[in-house]
1. From F5, F33, F14, F25, which residue is at pLDDT 90 or above and either more than 30 Å from Q123 (Cβ to Cβ) or in contact with a Ser or Thr (Cβ under 6 Å, 6 or more places away or on another chain) (or both)?
2. I need every pair where a residue in the range 36-58 that is closer than 14 Å to F114 by Cβ has its Cβ under 7 Å from the Cβ of a residue that is of a type in the set (G, A, S), sequence separation at least 6 or different chains.
3. What residue, among those in the range 102-131 that are of a type in the set (G, A, S) and surrounded by 15 or more Cβ atoms within 10 Å (Cβ to Cβ), is modelled with the highest pLDDT?
4. Looking at the range 42-59, can you tell me whether even one residue there is of a type in the set (S, T, N, Q), modelled with pLDDT of 90 or more, under 30 Å from R92 (Cβ atoms) and assigned to a helix (DSSP H, G or I)?
5. For the range 84-101, which positions are over 18 Å from N127 (Cα atoms) and either of a type in the set (D, E, K, R) or modelled with pLDDT of 90 or more (or both)?
6. List the strands (runs of 3 or more DSSP E) inside the range 74-131, counting only whole elements, that have at least 2 residues being under 30 Å from F34 (Cα atoms) and aliphatic (A, V, I, L, M).
Amino acid sequence: MGNWFSAERTKSRFLSEDGSVSVEFVLWVPLIFFFFLLVTDASAAFMAQANMWHVAGDISRQLATGGLSEAAAHIELQKYDHYTMKTYLSNRTIAVVLSQSYSNIGTGMALSFFGDMEVKVFQHLENGVDL
């Protein structure tokens with residue numbers, strides 16, 4: 001027990017690599033976790049964007065063919081959570097703009113600081129259709 005604080009033993013403790021795997025694990029796990037979180041949110045964002053394109057295309061098609069009025073389109077949009085819609089009409093072309101906050105997509109943590117995702121779809125009005 002007298003050699004507990006000897007120079008050789010102290011030197012061997014500082015040069016020993018015992019526990020280095022634990023320290024590296026503790027340092028890398030948060031980075032790997034954040035990477036997986038980012039991949040999950042990016043995948044969810046791509047899925048949400050594809051769904052928004054589908055919904056916007058369907059609504060613009062129904063508006064352009066006279067199948068829906070703008071009021072009915074807003075009611076139709078209530079089926080989908082967190083979507084907001086704006087429509088613009090110019091030179092017999094209708095533009096449907098859907099938007100959704102990134103905080104409502106995926107885990108809502110990694111992409112929430114980006115603001116809103118927006119999708120614009122343009123459709124030419126059919127003859128005889130007036131909005």
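The values are calculated or read from the model by the stated rules, or taken from the named source; none is laboratory data. Predicted model only: the values in this text are computed from it and were never measured. Quick reminder, even Gly has a Cβ in these numbers, built from the backbone with ideal geometry, and neighbours come from all protein chains shown.
1. On the way: F5 fails: at pLDDT 90 or above; F14 fails: at pLDDT 90 or above; F25 fails: at pLDDT 90 or above.
Only one candidate qualifies: F33.
2. Filtered contacts from the range 36-58: L38/A110; D41/G106; D41/A110; A44/G106; A45/G106.
3. Taking the range 102-131 first, the residues of a type in the set (G, A, S) are 103, 106, 108, 110, 112, 115, 128.
With surrounded by 15 or more Cβ atoms within 10 Å (Cβ to Cβ) added as a condition, the list becomes 103, 106, 110, 112.
Values: S103: 84, G106: 79, A110: 72, S112: 74.
Per the stated criteria, the residue is S103.
4. Taking the range 42-59 and keeping what is of a type in the set (S, T, N, Q), we get 43, 49, 51.
Narrowing further to those that are modelled with pLDDT of 90 or more: 43, 49, 51.
Imposing the further condition that a residue be under 30 Å from R92 (Cβ atoms) reduces the set to 49, 51.
Within this subset, residues satisfying the condition of being assigned to a helix (DSSP H, G or I) are 49, 51.
Yes, there is a match, as at least one residue in the range 42-59 is of a type in the set (S, T, N, Q), modelled with pLDDT of 90 or more, under 30 Å from R92 (Cβ atoms) and assigned to a helix (DSSP H, G or I).
5. Restricting attention to the range 84-101, the residues satisfying the condition of being over 18 Å from N127 (Cα atoms) are 84-87, 96-101.
The answer is T84, M85, K86, T87, V96, V97, L98, S99, Q100.
6. It comes to 116-124.
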